[in-house]
1. Which members of the range A:31-81 meet the condition of being in contact (Cβ under 8 Å) with a residue 40 or more places away in the chain and open to solvent by 80 Å² or more (accessible area, probe 1.4 Å)?
2. Tell me, yes or no, whether the range B:191-213 has at least one residue that is open to solvent by less than 40 Å² (accessible area, probe 1.4 Å), modelled with pLDDT of 90 or more, part of a strand (DSSP E or B) and within 14 Å of chain A (Cβ to nearest Cβ).
3. Out of B:Gly222, B:Gly182, which single residue is away from chain A (no Cβ under 14 Å), surrounded by fewer than 17 Cβ atoms within 10 Å (Cβ to Cβ) and either at positive phi or not in a helix (DSSP H, G or I) (or both)?
4. Being in contact with a helix residue (DSSP H, G or I) (Cβ under 7 Å, 6 or more places away or on another chain), within 19 Å of B:Ser232 (Cβ to Cβ) and aromatic (Phe, Trp, Tyr) is the filter here; which residues of the range B:59-111 pass it?
5. Assess whether A:Thr208 counts as being out of contact with any Lys or Arg (no Cβ under 6 Å at 6 or more places or on another chain), among the β-branched types (Val, Ile, Thr) and under 29 Å from B:Glu171 (Cβ atoms).
6. Being away from every other protein chain (no Cβ under 14 Å), basic (Lys, Arg) and touching a helix residue (DSSP H, G or I) at 6+ places or on another chain (Cβ under 7 Å) is the filter here; which residues of the range A:140-196 pass it?
7. Select from the range B:225-244 the residues that are charged (D, E, K, R) and either closer than 28 Å to A:Leu191 by Cβ or not assigned by TED's automatic domain parsing to the domain that holds B:Ile57 (or both) and write down the one among them that is most open to solvent (accessible area, probe 1.4 Å).
8. Look at the range A:68-107 and say how many of its residues are closer than 17 Å to A:His166 by Cα and among the polar types (S, T, N, Q).
Amino acid sequence: MIDWSVVVGSLPDFFAGLKVTLLLLAISLASGLLLSVPLAVARVSPNPWLAKPVWLYTYVIRGTPLLVQLFIIYYGFAQIEFIRESVAWNLFREAWFCAWLAFAINTTAYTTEIIAGALRATPHGEIEAAKSLGMSNFDLYRRILLPSALRRALPQYSNEAVGMMHATAIASTVTLVDLTRVARDVYANHLATVEAFGTVAVFYFVLTFSLIGIFRLAERRWLKHLRPQTDVTPADAVIAK
Amino acid sequence: MKSLARHLLCFAAAAISVTALAQAPEWKKIRIGVEGNYPPFSQIAPSGDLSGFDIDIANAICAQLKAECTLVKQEWDGMIPALNVKKFDAIVASMTISEERKKAVDFSDPYYDVPSRWVAKAGAFKDATPESLKGKKIAVIRNSPRAKFVADNYKGSETLLVNKETDVYMELTAGRADIGFGSSVVSGEAFLKKPEGKGYAQVGPAVNLGAGAGVGIAIRKGDDALRDKINSALKAIMANGTYKKLADKYFDFDVSPNRK
């Protein structure tokens, strides 16, 4: 039923596609995470001049499809002479840059909301305690709010990371040869549906489970305090004191 | 019980094969796969209406055969697989008859034949030999004889494989490619004659791929009855002037496969 020679023969192409997919995912997630921490702090700020622009940004980006955002950057900007004449065109003419920019802008919006939500969920007592110790606002964020918010955001952020991984398939529409594009080319050249899309599904499965596994490990390490402590009985706790 | 069930199964199988046999050679209903991104052969209006030479030829064949036709829009890279999984029965999408494709599908007689051409900014290239295109980026539609031709002969150049023919000219004007390789008619009629094609020109002579095999209608392997019907309809519309009338709608030159 399955023509294994097609699968084996196209494996090098699939691995090349995997490299593109992984690289796109890594640079998009990394830049998105870096940008979204300050943006999340601005988003929960009581100062409307800080909070409102970030609200508008996440609102617009989360309200439009990623495919449209990528098309505006890749196809749309190429139509504007002003951009084509500028130095920035050296970047925008590269499909890589366009895909990275679109993905980073998109994941930043979602991650900002995730971290902002975790910041808002900080127990009031912790903030009051920090203030009563005379901590400055900066210290409050650095030592109390952000460390616990980033931990609390982990489970939600893992969803965003897996979603982003699946979304990288959209890069195949702007000439990048990622996993999905390799599958479509194998399909077109060998007319082998199961071989092409079955193989790529296995690749995505392994990627998804690896990502989830990494986040599980991270949660075990950084969210230890939220797990039920079954191995410690009250009596032990007393003795330990 | 068991043998009764077996009898029933046999009967059902026989019934199915009888109806299949009874329907297939009639071809009163034909579903035709078209592409829509290959003006002036095939294009989609903002309203969603399909038009173009491919579309008119498909409709003319159906009228000739007195068959009821449904046009099915399909993206280029899934065209042959979709035919083979019976999403439709024939492809009328400017598909060049090639040896590679003949391994997967059968073709009708050619219904038009036009060469390929290089297009670039006017004056950018004197000719389009592998030497003069060394290190340059060539835009060409993926999974096509043209892409194969470029891959085989222009090893010193970079290739930008695009997903549809119109993207060749879009990437060219955007500056993402230095030169485009496409259908002479698409580049001539849908690009160079349009405002966006201003300042661009054809480079070098016309290129005939596939030894002038032309463009045919693809059908599933073994659907000989359908192929014969399509071939006879093609002959009829070429003889009765319908073909010329349709071609004149789009072209001021001869695109017929039999021209000298």
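1. A:Leu35, A:Arg62 - these are the residues of the range A:31-81 that are in contact (Cβ under 8 Å) with a residue 40 or more places away in the chain and open to solvent by 80 Å² or more (accessible area, probe 1.4 Å).
2. No.
3. Exactly one of B:Gly222, B:Gly182 is away from chain A (no Cβ under 14 Å), surrounded by fewer than 17 Cβ atoms within 10 Å (Cβ to Cβ) and either at positive phi or not in a helix (DSSP H, G or I) (or both), namely B:Gly222.
4. B:Tyr111
5. Numbers: out of contact with any Lys or Arg (no Cβ under 6 Å at 6 or more places or on another chain): yes; among the β-branched types (Val, Ile, Thr): yes; under 29 Å from B:Glu171 (Cβ atoms): no.
Answer is no for this residue.
6. Correct list: A:Arg151, A:Arg152.
7. Step one: of the range B:225-244, the residues charged (D, E, K, R) are B:227-229, B:235, B:244.
Next, from what is left, pick out any that are either closer than 28 Å to A:Leu191 by Cβ or not assigned by TED's automatic domain parsing to the domain that holds B:Ile57 (or both): B:227-229.
Numbers: B:Arg227: 67, B:Asp228: 89, B:Lys229: 58 Å².
In this case the residue turns out to be B:Asp228.
8. Residues meeting the conditions: 3.
The values are calculated or read from the model by the stated rules, or taken from the named source; none is laboratory data. None of these values were measured; they are calculated from a predicted model. All Cβ positions, even for glycine, are placed from backbone atoms using ideal geometry, and neighbour counts span all protein chains on display. Side chains are part of the model used for accessible areas, which takes the heavy atoms of the whole protein and leaves out ligands, DNA and RNA. Shrake-Rupley method; radii C 1.70, N 1.55, O 1.52, S 1.80 Å.
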